[in-house]
Structures are given as C-alpha cells and as structure tokens.
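Note sheet for the following structure.
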Amino acid sequence: MPAPIKIILLAEDSPQDVEMTITALAAHHLVNEVVVVNDGQEALDFLYRKGKFENRPPGLPVVILLDLKMPKVDGIEVLRVIKSDPALKTIPVVMLTSSNEEHDILRSYLHGTNAYVVKPVGFRQFVEAVKQLGVFWTVHNEPPPV
Amino acid sequence: MNARPLPSSLEAPESEPGAGRSAPAGAAYRGSAKSVEPDYRAVFESLPGLYLILTPKLFIADASDAYLGATMTRRGEILGRHIFEAFPKNPSDPDGTGIANLGRSLGSVLETGVADTMAVQQYDIRRPDGAFEERHWSAVNTAVRGGDGQVAFIVHRVEDVTEFVLQKNRSDRGTPAPGAEKMASEIFLRAQQIQDANRRLQSANEELEAFSYSISHDLRAPLRHIAGFADMLRDHLGDGTDSTGRHYLETIFRSAERMGRLIDELLAFSRLGRASMELVPVNLDQLVAEVRLTLLAECRGRSVTWNIVPLPEVRGDLTMMRQVFANLLGNAVKYSRRQPEAVIEIGTFRNQATDVVIFVRDNGAGFDMRHAGKLFGVFQRLHRESEFEGTGVGLAHVRRIVNRHGGRVWAEAYPDRGATFYLSLPSPAVLRPAPRLPAAYYGAEGETR
C-alpha cells in the first residue's frame, strides 16, 4: 500500500496571502502537498468531496490552515462544522489570521481550534511561522489513527 | 427628511383600519386544538399602557382603551383621522412646540426605522366640551416593519406625566412640593434622559468596536503584503540589485513596519477607553522603582541622576498607572539623552488643597510651549523621528488614563532646557499623603496638607 499523501488544506481568500504562504512552504519543500481553497464554502466542499472537488481522490488533509475572515462561509463556521463532525473533528485546525482581537481568539478556541496564529507583519517572521506550522503538523505531529 | 415612496396600500387613510382583517373564528385555532391564537385586537385594546398605532402617513390606525381614556376620546372619533387633526394645537398656546416636536420624532422614525424616545413634551388635550387641558407626555415612537422591510406602522406609546411636571413646576416656583414627590418627578425626568443617553452610548460603543476590528484585520492585511512582497523581492533579486535598489527596498520595509506599530498603538489606544478599571491602592514609590528597572538598559553608558521624593499612595488601576509612569519616565530618559549629565526629578505637591499633583521633570530637549496644545494628541509629535524615535501615542495614553481617573495632565517646557509633566489626581484618589517635602518642591500654596 502506498504511503498516504500528506495534504495541507489552506483556506484563504487573499491571493497575496496565498502566494506568501505557498512561497514560505516552498522554501521548506512542503509545497506539493498544499491544496488552496478561496472561501469557507470551498473548504467544506473539499472536505466533503462536493462541488468542484466531487472527483478528488479520497483522503483528508493532515492539517487545515484556516483564515478567519472569508467570503460566504467564514473561518469560524468552517471550524464549527469540522469540529462537530466525528469524521473530521480529529484533523488539526490552525487559525491563521490577521486578527489579534481577543474576541476572535476566544471564539476560535471555544469552537475547538488546535492553534491560533496571528500572521506577523514581517515576511521573515511570516516564513518562520509558516515553516514551523508546516513542519510541526506534517513532520513532527503524529496524526490521529484513521 | 428624504422623501421615500410608501407602499401604496398604506397611502390612503383607512376609514376603519383593521376592519375585515380579523381572522374568521375557525382560524383562531392553528394546527391542534391546544394552541389557541389569542384575539390580538382585543388584547391590544385592553393593554394597560397608552398606545396609538399610526400609518406612515400619520393616520390613526388604532388606539388602546387606556389611550382613549387618557385623551378623553372615543375610538370611533379618532380612527382613520390624521393624528394632528384628531389632536389639534391648543389655540390659547400658540407657542406650544408639542406638535412640531412630535412631528419631527415621527419623521425621524419613518426615515431611519430607529425608535425615538422623546423628551417630556407639553401637548394639551381638548376636552369633549372644547376647552383645552394642560398635559405633559413622555413618548416613545417605534417602527413596525412590514414584509417588504418598509415601515408599515408606528407604535406611539405615551405616559401621562402631567402630575409630575406640575409638581416640579410648583416647586421650581418656590411652592415646595412634598420632598418625596418632588424627588419622584426629578427621577422620572432624569430616567428618560439617561435612557436616551445610554442608547446613544451603546450604539457609539458598537461602532467603535467595529472600527477597531476593521483596523485590526483589514488594515493590517495589505500592510503585511507590502512588507512580505518587498522582502520576497529582496530575496528574488539577491545579488542582482545595487545599493540604491537595496535602499528602496529597505525603506519600503521599514515604513511598513512602522505603520504596523502605529496600527497596534492606535488599537491599544482605542481599547484603553473601553478597558474596565480595577481601582486598588497603588504604591507609587514601588511603581516608580519598578518602572526605573525597565529603563536601566536605556540609561546604560549615560550619566542619569534621579532625584525622587517619597510619593503618596493613590487609588487607581495598577496596569494603567504603570503605563502612565512608564511613559513619563521613559520620555524623561529619552529626551534627556543628549545631556552629558541628565537629571530627572520626580516630586509631588498639593494643589488647591484638593488635588495631589505628581510631576516628572527632566533637563532634556524640552519643547516650545507654543506647541504644547498638540502634546497630548494621538500621533502628535513635537520632535522629528530622526531626532527622537516614537509614534506619538504615549502621552495620549497618559492623558486618557489620568482623565479616566478624574485627574488631568499638563506640561511646562523650554526648548533645550527640559520639560516638566504634571498629573493631578482628585484627593479621594489619594490614600496616603506624601511626607513633608523640601521647600523646593512646594507648589504656590506652599502646604502639603
């Protein structure tokens, strides 16, 4: 049996943030494993293999990087759906967002996020944060048994 | 008021509004025999409160029995009539403003859909015999929206406060009303004003909340992209750029970083106004000692003399007070760094026998008093960034904190001869007076207690 592909799901509506995140992941050779979706609805479609992801191969991401503020379905709503579905709730979710508002941090944890990372302003710090996230969740972290 | 087309069904005054709208008897039972739908018309009419229902054209659609009783009218007389026709102006009081004010309030509710609590109004009522009676009312006008989102009706709820107002007027004219009743009328009138102020405050707070959220999220994202892509460009160009290219990139990067700091500080400043205060005894001697420890690194390699007298214990929020002294002492250290011998004094005196004043004086760069008005504004600076770094928020923080403690701040300075910052706290905030001071520290009054 081939080793399962380790997918990182990145849900992010800003193309600049997507490019920066991918560049940072590429710097650490994690880029082939990133699936980018641009809003919360697409994130859920990917997870449930619906809409344009109807025919994707089965399997779930090892980690989901979720922006908080997205059009249509926002990050909190996606988080809520994931954490209330027994089939998805074991996937680690990292909120990756511009907001350091206490209110956003609190409600993310209340809805079961595994981590909350405020995107740093400096690119080097951003690369470092993304690298640590990517390496931690895809290399060091032992995923829950399927 | 903006003209807005009204749904045509509401244009014409209804001669008998609601007639034919009551459900057939059988329809009163929905689904199961257990859930009985009340006859809302009967319920409405027998409400103890004084209610009048108006169409958007201000024709009377219905009234509660209590309203009819209070205005000495009968339902059949006023239904379908325009409110100002049914309740005309008192001809013997041509200067009365009741009608105009009510019209304005109803207009604002129609325009905005937001309920309006009116100040107490005199609006005299015509008795059945044709004579007018002096009446004072407290009214709230509320919009009821239809299925199309437009205002379909206005609920005009009033309370007859005539007795209270007459009592108050009598006591104002020198005929003392019995104390309790006078107080009751005062309380009633003030309660109206407080309710109104609270509503405005709440909506202002919600706006501010949305504003700081927007700053935190929406403004930071493009900034991060500027910094990030400048950095990516630097990596991309590698050795392929000259010193000018590198300088441009560095400038972009530094400016973005500075704006990030400004955003953070502005956000902190806006939070400060909302943060709840926990008032505790604050030992200023200890606080100043703690703050000085944080400034050790900045003082290294310099000659800084601190002259500090024992300070009073005050009542305040510890975190906020620490922020005040961190700013004032930090500024004193920063702006005195070009002095070969920096001297920083911290002293205290009593002012007007009520306030306690604490001051922080340095012999540094100072400033021209002509610009003192700008000193405590947000992002206002009296020195160039290249001379003394900073964002211009520190003293704005100081002022806001001291104001929230009921005190005030001010400063005195001369260019190149140093600056003195004073903060006064009202004496209830002072728990332990400072010990007597050397004469040099006395204010004009010359006494400490």
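What follows draws every value from the coordinates through simple rules; no lab data is involved. Fair warning: this is a prediction, and the values are worked out from it, not measured in the lab. Cβ placement follows ideal geometry from the backbone for every residue including glycine, while neighbour counts extend to all protein chains displayed.
What 222 nm value per residue comes from the helices of chain A, counting each DSSP H run with n ≥ 4 as -39,500 (n - 2.57) and dividing by all residues, nearest 500 deg cm²/dmol?
Details: 5 runs with 52 residues, N = 146.
Rounded to the nearest 500, the figure is -10500 deg cm²/dmol.
Given B:Asn307, B:Gly377, B:Phe359, which one lies farthest toward the positive end of the charge dipole of segment B:279-441, if we put +1 on the Cβ of every Lys and Arg and -1 on the Cβ of every Asp and Glu?
Highest projection toward the positive end goes to B:Gly377.
So if I place +1 on the C-beta of Lys and Arg and -1 on the C-beta of Asp and Glu, and nothing else carries charge, what would the dipole magnitude of segment A:8-140 be about its Cα centre? I want it in debye, nearest 20. Don't skip to the answer; put the middle values down first.
Details: 13 positive and 17 negative charges, 70 e Å.
So the dipole magnitude of segment A:8-140 works out to roughly 340 debye.
Please identify which residues in segment A:24-54 have an amide N closer than 17 Å to a label point set 7 Å out from the Cα of A:Ala87, following the Cα→Cβ vector.
A:42-54
Where the centre of each part is set by its Cα atoms, how far does segment B:56-83 sit from segment B:324-345, in angstrom?
After rounding, the separation between the Cα centres reads 72 Å.
Can you work out ³J(HN,Hα) from phi for every residue in segment A:99-110, in order, using Karplus 6.51 cos²θ - 1.76 cosθ + 1.60 and θ = phi - 60°, giving whole Hz and x for Gly and Pro?
8, 10, 5, 3, 4, 5, 5, 4, 5, 5, 5, 4
Assuming R0 = 25 Å, can you tell me the calculated FRET efficiency for the pair B:Leu249 and B:Arg337, based on Cβ-Cβ distance, to the nearest 0.05?
The value I calculate is 0.25.
Given the Cα-Cα distance of B:Glu111 and B:Leu279 and 0.36 nm per residue of separation, how much length would full extension add, in nm?
My answer for the length gained is 56.1 nm.
Given points 7 Å out from each Cα along the Cα-Cβ axis, report the B:Arg190 to B:Ser203 separation in nanometres with one decimal.
The two pseudo-label positions are separated by 2.5 nm.
For segment B:35-115, what does the alpha-carbon gyration tensor say about shape, rounded, prolate or oblate, given a ≥ b ≥ c as the root eigenvalues, a/c under 1.5 as rounded, and a/b over b/c as prolate? It would help to have the intermediate numbers written out before the result.
Numbers: a/c = 2.38, a/b = 1.48, b/c = 1.61.
Because a/c hits 1.5 or more and a/b fails to exceed b/c, segment B:35-115 counts as oblate.
For a test of the definition: using alpha carbon positions, the gyration tensor, and the 1.5 limit on a/c, classify segment B:279-441 as rounded, prolate or oblate.
prolate
If packing is taken as the mean number of other Cβ atoms within 10 Å per residue, what is the order of A:55-63, B:325-333, highest first?
Highest-to-lowest ranking by the protection proxy: B:325-333, A:55-63.
Gap in Å between the Cα centre of segment B:198-242 and the Cα centre of segment B:120-157?
If you average the Cα positions of each part, the centres end up 49 Å apart.
I'd like the FRET efficiency for B:Ala210 and A:Arg124, computed as 1/(1 + (r/R0)^6) with the beta carbon distance as r and R0 of 35 Å, rounded to 0.05.
0.60
Can you pull the three principal axis extents for the Cα set of segment B:302-381, in Å, largest first?
For segment B:302-381, the Cα extents along the three principal axes come out at 36, 29, 27 Å.
Would chain A count as rounded, prolate or oblate if I go by the C-alpha gyration tensor, calling it rounded below 1.5 in a/c and otherwise prolate when a/b exceeds b/c, oblate otherwise?
Here chain A falls in the rounded category.
Taking each residue in A:100-107, count the Cβ atoms of any other chain within 10 Å of its Cβ, then average. What number comes out?
Taking the mean over all residues of the peptide, I get 2.
Mean separation of Cα pairs under 8 Å and 6+ residues apart, divided by the residue count of chain A: what relative contact order is that in percent?
Relative contact order, chain A: 24 percent.
To make sure I understand the rule: partners must be aspartates and glutamates, Cα under 16 Å from the Cα of B:Lys334, and not fewer than 8 residues away in the same chain. Which ones qualify?
Straight-line reach from B:Lys334, under 16 Å: B:Glu298, B:Glu345, B:Asp362, B:Glu385, B:Glu387, B:Glu389, B:Asp416.
With +1 on each Lys and Arg Cβ and -1 on each Asp and Glu Cβ, and nothing else charged, work out how big the dipole of segment B:62-109 is about its Cα centre, in Debye to the nearest 20.
Value, rounded to 20: 80 debye.
If the limit is 26 Å between Cα atoms, which of A:Lys50/A:Lys119; B:Lys89/B:Lys168; B:Lys57/B:Lys89 go over it?
From A:Lys50/A:Lys119; B:Lys89/B:Lys168; B:Lys57/B:Lys89, over 26 Å: A:Lys50/A:Lys119.
When Lys and Arg each count +1 and Asp and Glu each count -1, what net charge do the other residues less than 15 Å away from B:Val393, Cβ to Cβ, add up to?
Surrounding charge for B:Val393 is +4.
Suppose we keep just the alpha-carbon trace of segment B:197-337; what are its Rg and Dmax in angstrom?
Computed over the Cα atoms of segment B:197-337, radius of gyration and Dmax are 21.6, 63 Å.
Quote the FRET efficiency, to the nearest 0.05, computed for B:Leu318 versus B:Gln380 with a Förster distance R0 of 41 Å and r equal to the Cβ-Cβ distance. List each step's numbers first, then the result.
On the way: r = 27 Å, r/R0 = 0.67.
FRET efficiency, B:Leu318 to B:Gln380: 0.90.
What does the structure give for A:124-131 when I average, per residue, the other chain Cβ atoms found within 10 Å of the residue Cβ?
Details: counts 6, 4, 4, 4, 0, 0, 0, 0.
Shielding by partners across A:124-131 averages 2.
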